[in-house]
Amino acid sequence: MRDVAKSANAGFSQAGIDFPPPIGGLLKRSFDIVGSLAGLILLSPLFLMVALLVKLSDRGPIFYGHKRIGRGGRIFACLKFRTMVQDGEKVLAAHLAANPDANAEWLATRKLKNDPRVTRVGQVLRKLSLDELPQIINILQGDMSLVGPRPVVRDELEIYGSAAVYYLKSRPGLTGLWQVSGRNDVSYDTRVAFDRHYVENWSMVEDIRIIVKTVPAVWMSRGSY
């Protein structure tokens, strides 16, 4: 990822800047702040209920902050309600070592349809995308946007290849074109293409359209696991 970020940064440096402002500028950022504040207030009862369910499921931490790559290659803690067992990395490593098919699936998509790390409560939260609600806090902090590319980890950004430069131009989103266009039912290459298309063709109208389409996509649990 460092090489990718360096090459992207080098491209902008030739133009005399390190990284351009995030796509959408002040308009998009203002929309993010107003929208996330409204969401935090309106959804506070749901936040409390989910937090209680997570805590009662196995007495572990309520939140989980996973390191993701933000705009310009900046690393931030992407917040989620915890959906996995506390020793998840060891459980995953053992599962992949014992299951070649699961290992191949993981290498191709960085996801598993039958993930042994996920708790029973976590399965429900993931199906309804409720585990991602704490990312509203990331939006208020300026690490994320309401709409944008899905936040990725270091290894995933390397898969983007030359398209990584488009990912790095935008704040990652709570929702995005990928989430309303099939989500895990589409290939990773298609997901990268969605991210590039979104950044190249950004508009406030498109952001609102994606937010509106997110509601039925979440309700129907399309491509989520």
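Data overview
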quantity: Cross-link partners of residue 55 among aspartates and glutamates (Cα-Cα below 17 Å; sequence separation of 8 or more within a chain); calculated: 87, 131, 132
quantity: Restraint check, 28/127; 28/169; 28/213; 28/111, Cα-Cα greater than 20 Å; calculated: 28/127; 28/111
quantity: Of 103, 138, 114, the one that fluctuates the most in a GNM where the chain has Cα springs shorter than 10 Å; calculated: 114
quantity: Segment 165-225: radius of gyration over Cα atoms, expressed as a fraction of 2.2 N^0.38 Å; calculated: 1.08
quantity: Cα centroid separation, segment 158-225 to segment 39-80 (Å); calculated: 20
quantity: P(r) histogram, all alpha-carbon pairs of segment 21-86 included - 10 Å bins from 0, percent; calculated: 18, 33, 35, 14, 1
quantity: Simple Cβ-charge dipole of segment 89-225, Lys/Arg +1 and Asp/Glu -1, about Cα centre, in debye nearest 20; calculated: 340
quantity: Average Cα contact separation per residue, segment 96-201, under 8 Å, 6 or more apart, as relative contact order %; calculated: 25
quantity: Highest to lowest packing among 106-113, 202-209, 76-83, scored as the average C-beta count within 10 Å; calculated: 76-83, 202-209, 106-113
quantity: Near-label residues of segment 176-190 by backbone N, under 16 Å of a point 7 Å along Cα→Cβ of residue 209; calculated: 176-182
quantity: Probe 1.4 Å, protein heavy atoms only - accessible area per residue of the chain in square angstrom; calculated: 52
quantity: Rounded to the nearest 20 debye, dipole of segment 54-143 from Cβ charges on Lys, Arg, Asp, Glu; calculated: 200
quantity: Rg over Rh [alpha-carbon atoms, Kirkwood Rh] for segment 14-131; calculated: 1.06
quantity: Packing-based order for 36-42, 187-193, using average beta carbon neighbours within 10 Å, highest first; calculated: 187-193, 36-42
quantity: Charge tally in the Cβ shell below 9 Å around residue 75, where Lys, Arg are +1 and Asp, Glu are -1, residue 75 excluded; calculated: +4
quantity: Net lengthening on full extension, residue 66/residue 155 (0.36 nm per residue, minus Cα-Cα); calculated: 30.7 nm
quantity: Charge-dipole axis of the chain as Lys and Arg at +1 and Asp and Glu at -1 on Cβ define it, positive-most pick from 180, 83, 72; calculated: 83
quantity: Spin-label model distance (nm) - residue 37 vs residue 189, 7 Å beyond Cα toward Cβ; calculated: 4.5
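The values are calculated or read from the model by the stated rules, or taken from the named source; none is laboratory data. From a predicted model like this one, the values you see are computed outputs, not experimental measurements. Every residue, glycine as well, gets a Cβ built from its backbone with ideal geometry; the counts of neighbours run over all protein chains shown. All accessible areas refer to the heavy atoms of the entire protein, side chains included, with ligands and DNA or RNA removed. Shrake-Rupley method; radii C 1.70, N 1.55, O 1.52, S 1.80 Å.
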